């Protein structure tokens, strides 16, 4: 797994705090005051995530199985579980973003903690519902990709929760960054679709063997894997690079 071993470096609470502050842009100004404005990149990520997920969710919010983007074989079990899974996943994404709002963390720590609890509960509920939905996925490769994604989502969130309960807040921050990265796989996987279309076209000698429908089917069988790999690489790269920056900064100081 791409996860960085905690034992490989000297992960002190001070370094973890610096890593997190770098991740969300909480760098001190010359006056020693942390600015309360969110970074542009943070707002861009929020806007793109909402722009991707709201249109995707819309058909399911009608509670009409005929509007489902996936084939529904059970209107009494599969579809209700699918709708609830999507709804709680959206709550997890929104509450996850709230964890990085500086005003909440700095001035309203109770709100920050409650949002964290909402995030954890939403991930667990959505993840367990996903296991039900996976049982109705006919394609083996697609089912395995959703299963891998779900298990990693539950495991990273559980690790984040347990380290917080044990008051190991240094490790807690890192695990929750990993967990939220996996939460955003739903966004990343959809953004990867045009890239995968182009990759499919190029790898097949600038042709589309089997036609457009075959290409779409094959791309949608691998986009979850692609999104998961991209998110894991980005999150681990972020953690390692920010740790190194924080370490160099603390040594210079």
Positions within region 191-222 being touching a residue at least 60 places away in the same chain (Cβ under 8 Å) and more than 15 Å from residue 142 (Cα to Cα), in sequence order: 191
Region 79-106: number of residues that are within 20 Å of the chain's Cα centre (by Cα), farther than 23 Å from residue 65 by Cα and in contact (Cβ under 8 Å) with a residue 40 or more places away in the chain: 8
Failed condition for residue 150, given (1) part of a helix (DSSP H, G or I); (2) in contact (Cβ under 8 Å) with a residue 40 or more places away in the chain: (2)
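For region 1-113, which helices (runs of 4 or more DSSP H) that fit wholly inside it have 2 or more residues that are modelled with pLDDT under 90 and crowded, with 17+ Cβ neighbours inside 10 Å? Before the answer, list the steps.
On the way: elements: 13-24, 40-61, 78-98, 102-107.
By residue number, 13-24, 102-107.
Looking only at region 233-248, decide whether some residue is modelled with pLDDT under 85, touching a helix residue (DSSP H, G or I) at 6+ places or on another chain (Cβ under 8 Å), loosely packed, with under 15 Cβ neighbours inside 10 Å and part of a helix (DSSP H, G or I).
If we filter region 233-248 for residues that are modelled with pLDDT under 85, which is where we start, we get 238-248.
Add one more test, that the residue is touching a helix residue (DSSP H, G or I) at 6+ places or on another chain (Cβ under 8 Å), and what stays is 238-239, 242-243, 245-247.
Narrowing further to those that are loosely packed, with under 15 Cβ neighbours inside 10 Å: 245.
Keeping just the survivors that are part of a helix (DSSP H, G or I) gives 245.
Yes - at least one qualifying residue is present in region 233-248.
Quick check, is residue 136 outside any helix (DSSP H, G or I), buried (at least 16 other Cβ atoms within 10 Å of the Cβ) and in contact (Cβ under 8 Å) with a residue 24 or more places away in the chain? Spell out the reasoning first.
Details: outside any helix (DSSP H, G or I): yes; buried (at least 16 other Cβ atoms within 10 Å of the Cβ): yes; in contact (Cβ under 8 Å) with a residue 24 or more places away in the chain: yes.
Against the criterion (outside any helix (DSSP H, G or I), buried (at least 16 other Cβ atoms within 10 Å of the Cβ) and in contact (Cβ under 8 Å) with a residue 24 or more places away in the chain), residue 136 qualifies.
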Residue among 195, 187, 202 that is closer than 16 Å to residue 229 by Cα, in a helix (DSSP H, G or I) and more than 13 Å from the chain's Cα centre (by Cα): 195
Tally, over region 114-133, of residues that are closer than 16 Å to residue 78 by Cα, more than 18 Å from the chain's Cα centre (by Cα) and either surrounded by 17 or more Cβ atoms within 10 Å (Cβ to Cβ) or free of Cβ contacts under 8 Å to residues at least 24 places away in the same chain (or both): 1
The listed residue being out of contact with any strand residue (DSSP E or B) (no Cβ under 6 Å at 6 or more places or on another chain), surrounded by fewer than 18 Cβ atoms within 10 Å (Cβ to Cβ) and modelled with pLDDT of 95 or more, out of 147, 154: 147
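The values are calculated or read from the model by the stated rules, or taken from the named source; none is laboratory data. Everything numeric in this text was worked out from a predicted model, so none of it was measured. Cβ atoms come from the backbone with ideal geometry, glycine included; neighbour counts cover every protein chain shown.
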